[in-house]
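The values are calculated or read from the model by the stated rules, or taken from the named source; none is laboratory data. Just so it is clear, the structure is predicted and the values come from calculations on it, not from any experiment. Please note: Cβ atoms are built from the backbone with ideal geometry, for glycine as well, and neighbour counts cover all protein chains shown.
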Amino acid sequence: MSALQENACLKRMTPSPISSAAAVIEAFAGIPGLLEQAPALVARGRALDCECLLGPLDHPFHVSIRSGRIVDLTPAPVLMRSWRFSYRATSAAWSAYWEPAPRPGWHDLLALTKREEARLEGDLHPFMTHLQYFKDLLALPRRHASSVPT
Amino acid sequence: MTGHIEPMVGRYVHVAIDGEMHRIYFEENGDGIPLVCLHTAGSDGRQWRHLLADEEFSRKFRIIAFDMPWHGKSNPPAGWTGEEYRLTTAGYTATIRAFCRALGLEKPVVMGCSIGGRIVLNLAIDHASEFRALIGLEAADFQAPWYDTSWLHRPDVHGGEVCAALVSGLIAPQSPEASRRETLWAYMQGGPGIFKGDLYFYRVDGDLRGRVGKIDTGICPLYLLTGEYDFSCSPEDTRRTAAAIDGASVTIMEQLGHFPMSENPGQFRRYIAPVLSEILEHSTISTKQGAHV
């Protein structure tokens with residue numbers, strides 16, 4: 001995708017309010033801790049070792065997963081750091097996805113890609129083999145939605 | 001003291017479909033107007049268990065749900081040698097009509113969900129006079145793809161896991177957890193490639209755009225009900241489809257997704273009860289007037 005096409009694609013997406021964007025970044029940084037409190041989810045990812053890029057479109061995180069645990073989460077960019085797949089969404093999309101009862105069309109990772117509020121890129125194999133894991137992992141802040149101002 | 005036994009019974013009927021014998025499993029309960037229920041792609045008739053057991057509906061309707069060949073307890077036909085399964089518009093239509101004939105159903109109501117909703121539209125286009133009423137849940141003449149179906153059937157991805165995970169997002173967040181898990185369980189149990197093969201009909205062969213305008217709801221009433229959380233067949237897809245059909249009834253169901261009858265049976269009941277009442281009332285009036293119904 002050219003830079004021009006990418007900009008055109010981004011323009012179709014809902015702009016995110018700055019105050020919400022900061023909260024979304026903060027919530028993302030808290031996901032590894034929430035995962036540690038969800039042993040059943042860690043167990044479902046027991047066969048997963050993966051480097052991926054997750055988070056807000058313009059402030060994603062490099063995430064290293066080993067045996068279902070997040071062993072590293074670092075804000076991008078990191079010089080020459082590789083990733084296999086990327087799932088990034090607008091801050092507005094993350095805020096909506098984390099609402100206790102998300103609105104129709106904002107309630108699923110693939111609903112967000114369909115409405116062009118999120119972008120899924122790269123080698124999708126680890127994402128598809130662990131699709132429910134990633135849906136549940138990225139929904140973890142929903143349980144703590146009161147701490148995410150929208 | 002014996003345990004609670006649900007009222008539906010399951011049996012097998014041998015049906016010739018396009019010249020090939022199939023052993024079709026079906027469950028039924030009730031007496032009255034035949035109501036044939038069609039499950040979604042990649043699942044089976046268990047999705048209808050709450051409707052089948054409904055005490056009030058079963059007093060006026062003979063509720064029947066069958067497993068499509070290759071689904072649930074309907075095995076592939078004896079002549080199948082392992083070639084890729086692909087559901088087609090013609091084959092799906094033939095299956096439903098053959099099943100109804102095999103059970104000797106007179107002017108049944110057919111209610112289908114998802115692919116079942118799509119084929120209901122085809123029944124309305126080509127065979128309306130055979131049916132008393134048609135109900136399409138999560139039905140549209142076409143909807144935009146939102147994933148690549150090749151992920152559903154490949155040796156390096158667990159089919160059951162990926163099928164269930166994909167459709168999990170189509171369930172409304174308000175649906176009870178137990179019903180959500182039960183709905184997904186059927187997707188985890190499908191045969192390899194069967195969900196993908198069903199979607200051949202949905203994505204490729206069953207595009208009904210430009211054809212639904214031929215539907216005459218004066219011959220057979222058509223009801224379309226879609227859950228607000230269904231982003232696969234969205235409310236907009238259903239409204240667009242209905243806009244081309246004079247007399248089609250449209251209802252958008254709140255707090256429901258793509259599997260209304262199984263993901264939240266209580267919520268679905270609120271929406272389907274008035275539809276069944278209207279069909280019953282219409283049938284009663286027609287009978288009193290001496291019309292053949």
If you go through B:115, B:125, the only one that is within 29 Å of residue B:284 (Cα to Cα) and away from chain A (no Cβ under 14 Å) is B:125
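A quick yes/no check of all residues on (1) in contact with a helix residue (DSSP H, G or I) (Cβ under 8 Å, 6 or more places away or on another chain); (2) polar (S, T, N, Q); (3) without any contact (Cβ under 8 Å) to a residue 60 or more places away in the chain:
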| site | (1), (2), (3) |
| --- | --- |
| A:37 | no, yes, yes |
| A:40 | no, no, yes |
| A:45 | yes, no, no |
| A:50 | yes, no, no |
| A:61 | yes, no, yes |
| A:64 | no, yes, yes |
| A:90 | no, yes, no |
Checked the range B:189-200 for anything out of contact with any Ser or Thr (no Cβ under 6 Å at 6 or more places or on another chain) and either under 27 Å from residue B:132 (Cβ atoms) or buried (at least 16 other Cβ atoms within 10 Å of the Cβ) (or both); matches are B:189, B:190, B:191, B:193, B:194, B:195, B:197, B:198, B:200
Given (1) more than 28 Å from residue B:121 (Cα to Cα); (2) more than 9 Å from chain A (Cβ to nearest Cβ); (3) in contact with a His (Cβ under 9 Å, 6 or more places away or on another chain); (4) surrounded by fewer than 18 Cβ atoms within 10 Å (Cβ to Cβ), residue B:156 misses just (2)
### Task
Could you tell me whether residue A:87 is modelled with pLDDT of 95 or more, at negative phi and part of a strand (DSSP E or B)?
yes
Counting only residues in the range A:124-144 that are surrounded by fewer than 17 Cβ atoms within 10 Å (Cβ to Cβ) and at pLDDT below 95, the one farthest from the other protein chains (Cβ to nearest Cβ) is identified as A:144
The strands (runs of 3 or more DSSP E) lying entirely within the range B:4-57 that contain at least 1 residues which are free of Cβ contacts under 8 Å to residues at least 60 places away in the same chain and in contact with a helix residue (DSSP H, G or I) (Cβ under 8 Å, 6 or more places away or on another chain) are B:20-29
### Boolean, residue A:29 is farther than 26 Å from residue B:158 by Cα, surrounded by fewer than 15 Cβ atoms within 10 Å (Cβ to Cβ), within 12 Å of chain B (Cβ to nearest Cβ) and not aromatic (Phe, Trp, Tyr)
no
- Any residue in the range B:130-149 that is over 23 Å from residue B:256 (Cβ atoms), within 14 Å of chain A (Cβ to nearest Cβ), out of contact with any Asp or Glu (no Cβ under 7 Å at 6 or more places or on another chain) and part of a helix (DSSP H, G or I)? yes
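So that you can scan it fast, the table gives a plain yes or no per residue for (1) surrounded by fewer than 18 Cβ atoms within 10 Å (Cβ to Cβ); (2) within 12 Å of chain B (Cβ to nearest Cβ):
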{"residue": "A:47", "(1), (2)": "yes, yes"}
{"residue": "A:63", "(1), (2)": "no, no"}
{"residue": "A:68", "(1), (2)": "no, no"}
{"residue": "A:71", "(1), (2)": "yes, no"}
{"residue": "A:80", "(1), (2)": "yes, no"}
{"residue": "A:88", "(1), (2)": "no, no"}
{"residue": "A:92", "(1), (2)": "no, no"}
{"residue": "A:103", "(1), (2)": "yes, yes"}
{"residue": "A:122", "(1), (2)": "yes, no"}
*asked:* So, residue A:76, is that one farther than 23 Å from residue A:38 by Cα, of a type outside the set (Lys, Arg), in contact with a His (Cβ under 6 Å, 6 or more places away or on another chain) and modelled with pLDDT of 95 or more or not?
replied: yes
Checking B:118, B:181 in turn, the sole residue that is over 22 Å from residue B:250 (Cβ atoms) and among the charged types (D, E, K, R) turns out to be B:181
Hey, does the range B:216-225 have a residue that's facing another protein chain (nearest Cβ under 9 Å), crowded, with 24+ Cβ neighbours inside 10 Å and closer than 29 Å to residue A:100 by Cα? no
Flagged in the range A:43-64 as in contact with a Gly (Cβ under 7 Å, 6 or more places away or on another chain) and among the aliphatic types (A, V, I, L, M), in numbering order, are A:43, A:48
Restricted to the range B:59-92 and to residues being of a type in the set (S, T, N, Q) and assigned to a loop (DSSP other than H, G, I, E, B), the residue nearest to residue B:160 (Cα to Cα) is B:75
Of the residues in the range A:105-120, those that are hydrophobic (A, V, I, L, M, F, W, C) and either away from chain B (no Cβ under 12 Å) or touching a strand residue (DSSP E or B) at 6+ places or on another chain (Cβ under 6 Å) (or both) come to A:112, A:118, A:120
Within the range B:214-223, is even one residue of a type in the set (D, E, K, R) and part of a loop (DSSP other than H, G, I, E, B)? yes
Practice item. Report yes if residue A:99 is touching a Ser or Thr at 6+ places or on another chain (Cβ under 8 Å), among the charged types (D, E, K, R), surrounded by fewer than 18 Cβ atoms within 10 Å (Cβ to Cβ) and within 12 Å of chain B (Cβ to nearest Cβ), otherwise no. Key: yes
Say whether the condition of being out of contact with any Lys or Arg (no Cβ under 9 Å at 6 or more places or on another chain), closer than 30 Å to residue A:104 by Cβ and of a type in the set (Gly, Ala, Ser) is met by at least one residue in the range A:59-75. no
